[in-house]
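A quick write-up on the structure given underneath.
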Amino acid sequence: MEKELKPEESLKIIEQMIQKTKANLHDSSFYFLLWGWIILLIVIGQSLLEHFTTYNKTYIVWILVIPGIITSLIYGAIKGKKAKIESHLDRLNFLNWMIFLGSYFIVIIFMKDFDYKVSPIIFLLAGNATLLTGFIIKFRPLIIGGLVFWAGVFCQFLLPYNLLEFVFPFIIIFGYLVPGYLLKFQNKKNA
Amino acid sequence: MLKKLDPLLHSELRLAIMSILISVEKAEFTFIKEKTEATAGNLSVQITKLEEAGYITVEKGFKGKIPQTTCKITKTGINAFEQYVNDLKEYLKM
């Protein structure tokens with residue numbers, strides 16, 4: 001026969017189980033590091049092509065985004081299959097970045113109508129998604145990373161073009177890479 | 001007069017299962033077993049009871065060659081849990 005539960009005991013069980021389940025968010029540092037390095041390589045690569053070659057289609061380096069997307073999707077699918085739980089915040093974070101991806105594709109499709117000047121919009125979208133992740137997982141470096149992307153938007157309107165190619169790498173480093181490495185180290189420490 | 005607490009939820013292990021499942025989108029049997037520290041047999045019995053009541057859904061699959069059972073709380077289960085918590089608050093006010 002089952003033990004008769006007192007109301008106080010019921011409450012304690014509920015609290016304990018919720019507490020045990022709380023700290024099980026998936027490590028998303030992989031994505032920040034993957035995309036940080038891809039975008040950094042793209043930005044630096046495009047700059048080098050512009051300065052040291054006569055090749056006029058330097059934007060071709062942005063094709064590296066495609067293997068990045070494929071890698072992210074495959075990694076996400078594998079991690080998802082291995083995970084023992086999916087928390088509400090994991091789902092929210094996943095939707096956050098799916099919305100970013102959808103918005104990114106819409107901007108790219110209509111790039112011509114923006115006269116190909118889409119980087120402020122992409123920085124804004126990346127900043128929003130990074131900020132939201134930072135708030136969801138309560139990780140301040142990512143919140144700062146999101147704000148760095150926002151600052152990047154201002155830079156693109158206020159700074160001369162020849163300075164931007166030096167500013168962009170810093171935006172990527174402090175927007176994605178630094179928070180990504182800090183998150184990775186924190187998760188390793190807590191594991 | 002105080003409402004009678006839902007007998008399906010007013011049980012140590014079933015309440016623990018529902019408390020875990022209300023906190024997540026879904027959870028594997030092994031995760032629930034780890035957190036509740038229940039035996040596989042007892043956990044299986046209680047999960048079946050909750051599933052028969054419509055409080056949770058149970059999906060059986062494979063992770064490679066290893067069988068995998070994943071549980072998810074239903075809307076009925078969420079409503080029942082919320083009602084249980086509200087009824088509990090009434091009891092605790094006394």
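Observations, loosely collected:
- For the range A:22-176, the Cα-based Rg and Dmax, in that order, read 16.4, 55 Å.
- Cleavage-rule hits, GluC sites (Glu not before Pro), the range B:1-87, DSSP coil, Cβ neighbours within 10 Å at most 13: B:37
- Calculated log₁₀ intensity ratio I(q)/I(0) where the Debye formula runs over C-alpha points of the range B:12-92, q = 0.17, 0.20, 0.23, 0.24 Å⁻¹: -0.65, -0.87, -1.10, -1.18
- The protein assembly as shown: Cα Rg divided by the 2.2 N^0.38 Å rule of thumb: 1.31
- DSSP-assigned coil residues among chymotrypsin sites (Phe, Trp or Tyr not before Pro) in the range A:116-191, each with at most 12 further Cβ atoms within 10 Å: A:116
- Other protein chain C-beta atoms within 10 Å of residue C-beta, averaged over B:33-39: 2.
- The charge dipole of the protein assembly as shown, taken about its Cα centre with unit charges on the Cβ of Lys, Arg, Asp and Glu (plus for the first two, minus for the last two), comes to roughly 440 debye.
- Diffusion constant of the range A:129-191 at 4 °C, which comes from Stokes-Einstein with the Kirkwood Cα-pair radius and 1.567 mPa s, µm²/s: 106 µm²/s
- Phi-based couplings in Hz for the range A:170-187 (Karplus 6.51, -1.76, 1.60; Gly and Pro marked x): 5, 4, 5, 5, 8, x, 10, 5, 4, x, x, 5, 4, 5, 4, 5, 5, 5
- Amide H partners (placed H, <5 Å) of residue B:63, local residues excluded: B:68
- Between B:27, B:16, B:61, the Cα set farthest toward the positive side of the dipole of chain B (charges on each charged residue's Cβ, about the Cα centre) is that of B:61.
- In the range A:91-184, inverting the average of 1/r over every pair of distinct C-alpha atoms gives 13.7 Å as the Kirkwood radius.
- Magnitude of the charge dipole, the range B:12-92, Cβ model with Lys/Arg +1 and Asp/Glu -1, debye to 20: 340 debye
The numbers here are math on the coordinates, done by the rules we state, and not lab data. Keep in mind that what you see is a predicted model, and the values were worked out from it rather than measured. In this analysis, Cβ positions are derived from the backbone assuming ideal geometry, glycine residues included, and neighbour counts consider all displayed protein chains.
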